[in-house]
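Undergrad: Take a look at the following structure, please.
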Amino acid sequence: MAVQTQLYAVPAIEKKESKNKNEVEKESIFETKSLNLWYGETQALKNIDLKIPEKSITAIIGPSGCGKSTFIKTLNRMVELIPSVQTKGDIHYKGSNILSKDYSAEALRTDVGMVFQKPNPFPKSIYDNVAYGPRIHGIKKKSILDDIVEKSLKDAFIWDEVKDRLKENAFGLSGGQQQRLCIARCLAIEPEVILMDEPTSALDPISTTKVEELIQSLKKQYSIVIVTHNMQQAARISDQTAFFLNGEVVEFGKTDELFTEPKDSRTMDYINGRFG
Amino acid sequence: MTTKNVSVNTANLSTKQLMNEKKSAASIKNVFEKMVPAVLFLFAAVSVLTTIAILYTLITEAIHFFQRVSFTEFFTSTNLKPLSQNPSFGLLPLLSGTLLSTIIAMVVAGPIGLMAAIYLSEYASDRVRKLLKPMLELLAGIPTIVYGFFAFTFVTPLLRSIWPEIELTNILSPGLVMGIMIIPMVASLSEDAMNSVPNTMREGAYGLGATKLETAIKVVIPAAISGIVASFVLAISRAIGETMIVTIASGSTKNFSFDVTESMQTMTAYIVEVSSGDAAAGTTVYYSIYAVALTLFTMTFLMNLLAKKIARRFREEY
């Protein structure tokens, strides 16, 4: 246990600040009510009831196959792209149920952006990657697009590295740069929420640090939900953490509490590395 | 006990001994192994050598032709009267026929093939794709002579009932049918190219709120453009070289014109006409088909070079 506290001693200092902020109860941006999901016959999510607060970082941890990726993909309905998926239950986003048939998936995804496990820039120039979102939503004017691209790249901490080669193909960037570019691409359409599915799992340690710093700076403006299988990462950057196991939420609470005094023995076992 | 041990030992030894005995056989094997690359090279060389031989024949025979007819006459004259008392050998009438039929075919096959590819790769469910794609490719297996009859006995009368000015043999009908014939080629190859675009790229676009169509047109097609261009160029080469349909349905009028309702001859149909009769070996008419064939070869060769260049320029690496 002593080792544990030692391990998280550094982030704990930062946490104090956020704790003070957390004293003002934040409104929830997403609220799931008995959410169930099946891939064909296999049930991947079982009765999920979660309230995800706005303008903060919510980490989702758990062993492989626990449904954590599936869960965040339901938040922007990306999960529908997989054939044979069936959902039951409600997800309330800003007061409306996004799982209802009338709710447009495109409108939802414009509001709820996503960053993926592997950086997936389009095979286009850096500029066109960032401008893609605004363009499909009807912004054509060059001067406006220029501003959006510059601002998004600056917000994603990558402007200085790419400002002289905006016309070059995004595939010339390093993995870490590509991932920050993907975050910039997501910021360009000014979403409310950013979902991140293990955004640093394909990156080296230095790039990971940069992306983590970026994520922390983003929470002032955006609500962030991040899936990670790296517990230290969850402890370092998140405000609250949900622990998933076999498609169920075992525990959900403030990150520092969950990591220091988990209420459930399974959480305890997982964060101490007894399985996973 | 001891005997058993010995027998085990001899068994062990015998493996070694057996291998040693095989060593003499192995030396023969080594010689064979060394010959294998040479033999395989010969097989690989067959098609290359054939191409060189064909090119050699074309060039040597075409030289005979150009000794009798000047280069300028062949490439600039709009008159082609090979069998007249006062013959003239202008390529342009044949070139206009070939270009026109190819353009008509591509106007049909390009959009239809691409739309079909978008449907198959982006919209169709796995089950529908598995059913439709082989059916589409079946179209490519129909013998061209069948298409020729289809053009002559079905499409032309149909066109004439709508547009009575069309001649009995015309370039429009075989052009359209050729287009139908190469749809599967465009659709199938473009679909392969689009299908190999990684799904993560589509997810990236969907994640930004793009619709299926926006994703297909602005992400998938640009990413697959090199394959799509390649499929178009292959289709064009196929249309330029297509023979049977035009021979049957477009007549043999050697007419320099761009009027699709008229009868026109293509380069390929001219070669068929001359080589299947009329021309005695050694005459200028006879040699003219080599000149036409050489031009045809050069055209498709340049097309393929161009396609490679275009594909490289537009390539979006992923």
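Undergrad: Quick check on A:Glu190: is it among the acidic types (Asp, Glu), open to solvent by 10 Å² or more (accessible area, probe 1.4 Å), under 19 Å from B:Gly204 (Cα atoms) and over 12 Å from the mean Cα position of the chain (by Cα)?
TA: For A:Glu190, the condition - among the acidic types (Asp, Glu), open to solvent by 10 Å² or more (accessible area, probe 1.4 Å), under 19 Å from B:Gly204 (Cα atoms) and over 12 Å from the mean Cα position of the chain (by Cα) - is met.
Undergrad: For the stretch A:117-141, give me the residue count where each residue is more than 9 Å from chain B (Cβ to nearest Cβ), among the aromatic types (Phe, Trp, Tyr) and surrounded by 22 or more Cβ atoms within 10 Å (Cβ to Cβ).
TA: 0
Undergrad: Quick check: anything in the stretch A:100-116 open to solvent by 50 Å² or more (accessible area, probe 1.4 Å), of a type in the set (A, V, I, L, M) and in a helix (DSSP H, G or I)?
TA: Yes, the stretch A:100-116 contains at least one residue that is open to solvent by 50 Å² or more (accessible area, probe 1.4 Å), of a type in the set (A, V, I, L, M) and in a helix (DSSP H, G or I).
Undergrad: Here's another thing I want to ask about it. Return a yes/no flag: does the stretch A:235-254 have any residue that is surrounded by fewer than 20 Cβ atoms within 10 Å (Cβ to Cβ), outside any helix (DSSP H, G or I) and modelled with pLDDT under 90.
TA: No: the stretch A:235-254 contains no residue that is surrounded by fewer than 20 Cβ atoms within 10 Å (Cβ to Cβ), outside any helix (DSSP H, G or I) and modelled with pLDDT under 90.
Undergrad: Determine which member of the set B:Ser231, B:Ser226 is in contact (Cβ under 8 Å) with a residue 24 or more places away in the chain and within 14 Å of chain A (Cβ to nearest Cβ).
TA: B:Ser226
Undergrad: Any chance the stretch A:218-226 includes a residue that's open to solvent by less than 10 Å² (accessible area, probe 1.4 Å), closer than 25 Å to A:Thr110 by Cβ and among the small types (Gly, Ala, Ser)?
TA: Among the residues of the stretch A:218-226, at least one is open to solvent by less than 10 Å² (accessible area, probe 1.4 Å), closer than 25 Å to A:Thr110 by Cβ and among the small types (Gly, Ala, Ser), which makes the answer yes.
This table checks each residue for (1) modelled with pLDDT under 95; (2) over 30 Å from B:Ser190 (Cβ atoms); (3) not assigned by TED's automatic domain parsing to the domain that holds B:Met178.
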| site | (1), (2), (3) |
| --- | --- |
| B:Val6 | yes, yes, yes |
| B:Phe32 | yes, yes, yes |
| B:Val39 | yes, yes, yes |
| B:His64 | yes, yes, yes |
| B:Pro87 | yes, yes, no |
| B:Pro93 | yes, yes, no |
| B:Met106 | no, no, no |
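Undergrad: May I ask you to verify whether A:Ala107 is within 22 Å of the chain's Cα centre (by Cα) and over 21 Å from A:Ile215 (Cβ atoms)?
TA: yes
Undergrad: Please go through the stretch A:177-187 and give me each residue that is touching a residue at least 40 places away in the same chain (Cβ under 8 Å) and either basic (Lys, Arg) or open to solvent by 10 Å² or more (accessible area, probe 1.4 Å) (or both), ordered by number.
TA: Correct list: A:Gln178, A:Arg185.
Undergrad: Oh, and also: Consider the stretch A:153-178. How many of its residues are among the polar types (S, T, N, Q) and within 12 Å of chain B (Cβ to nearest Cβ)?
TA: Result for the stretch A:153-178: 2.
Undergrad: Does A:Glu106 count as over 24 Å from A:Gly253 (Cα atoms), among the acidic types (Asp, Glu) and within 14 Å of chain B (Cβ to nearest Cβ)?
TA: yes
Undergrad: Further question on the same structure: Name the residues in the stretch B:254-296 that are aliphatic (A, V, I, L, M), assigned to a helix (DSSP H, G or I) and open to solvent by 30 Å² or more (accessible area, probe 1.4 Å), would you?
TA: Across the stretch B:254-296, the qualifying residues are B:Ile271, B:Val272, B:Leu294.
Undergrad: Quick check on my filter: what residues within the stretch A:186-210 are out of contact with any Asp or Glu (no Cβ under 9 Å at 6 or more places or on another chain), within 14 Å of chain B (Cβ to nearest Cβ) and assigned to a helix (DSSP H, G or I)?
TA: A:Cys186
Undergrad: If a residue counts only when it is open to solvent by 50 Å² or more (accessible area, probe 1.4 Å) and under 17 Å from B:Phe232 (Cα atoms), which helices (runs of 4 or more DSSP H) contained entirely in the stretch B:59-150 have at least 1 such residues?
TA: Fully inside the stretch B:59-150 and qualifying: B:92-118, B:126-139.
Undergrad: Further question on the same structure: Among the residues of the stretch B:78-107, count how many are among the small types (Gly, Ala, Ser) and touching a strand residue (DSSP E or B) at 6+ places or on another chain (Cβ under 6 Å).
TA: 2
Undergrad: Right, something else. Might you check whether a residue that is of a type outside the set (S, T, N, Q), surrounded by 17 or more Cβ atoms within 10 Å (Cβ to Cβ) and not in a loop (DSSP other than H, G, I, E, B) occurs anywhere in the stretch B:305-316?
TA: Within the stretch B:305-316 (the criterion being of a type outside the set (S, T, N, Q), surrounded by 17 or more Cβ atoms within 10 Å (Cβ to Cβ) and not in a loop (DSSP other than H, G, I, E, B)), the answer is yes, since at least one residue qualifies.
Undergrad: Does any residue in the stretch A:68-91 that is away from chain B (no Cβ under 11 Å) come within less than 6 Å, Cβ to Cβ, of a residue that is of a type outside the set (S, T, N, Q) and part of a loop (DSSP other than H, G, I, E, B) six or more places away or on a different chain, and which pairs are these?
TA: Close Cβ pairs satisfying both conditions: A:Lys68/A:Gly62; A:Thr87/A:Leu99; A:Ile91/A:Ile98; A:Ile91/A:Leu99.
Undergrad: State whether one or more residues within the stretch A:144-158 are touching a helix residue (DSSP H, G or I) at 6+ places or on another chain (Cβ under 9 Å), of a type in the set (Phe, Trp, Tyr) and assigned to a loop (DSSP other than H, G, I, E, B).
TA: Yes, because at least one residue in the stretch A:144-158 is touching a helix residue (DSSP H, G or I) at 6+ places or on another chain (Cβ under 9 Å), of a type in the set (Phe, Trp, Tyr) and assigned to a loop (DSSP other than H, G, I, E, B).
Undergrad: Report, ordered by the first and then the second residue, all pairs with beta carbons closer than 7 Å, sequence separation of six or more or different chains, a first member in the stretch B:296-311 that is farther than 23 Å from B:Ile59 by Cα, and a second member that is small (Gly, Ala, Ser).
TA: Cβ pairs passing all conditions: B:Ala307/B:Ala230; B:Ala311/B:Ser226; B:Ala311/B:Ala230.
The values are calculated or read from the model by the stated rules, or taken from the named source; none is laboratory data. Bear in mind that the values here come from a model prediction, so they are computed numbers and not experimental data. For neighbour counting, all protein chains shown are included, and Cβ atoms are generated from backbone atoms with ideal geometry for every residue, glycine included. Note: areas computed on protein heavy atoms with side chains; ligands, DNA, RNA excluded. Shrake-Rupley method; radii C 1.70, N 1.55, O 1.52, S 1.80 Å.
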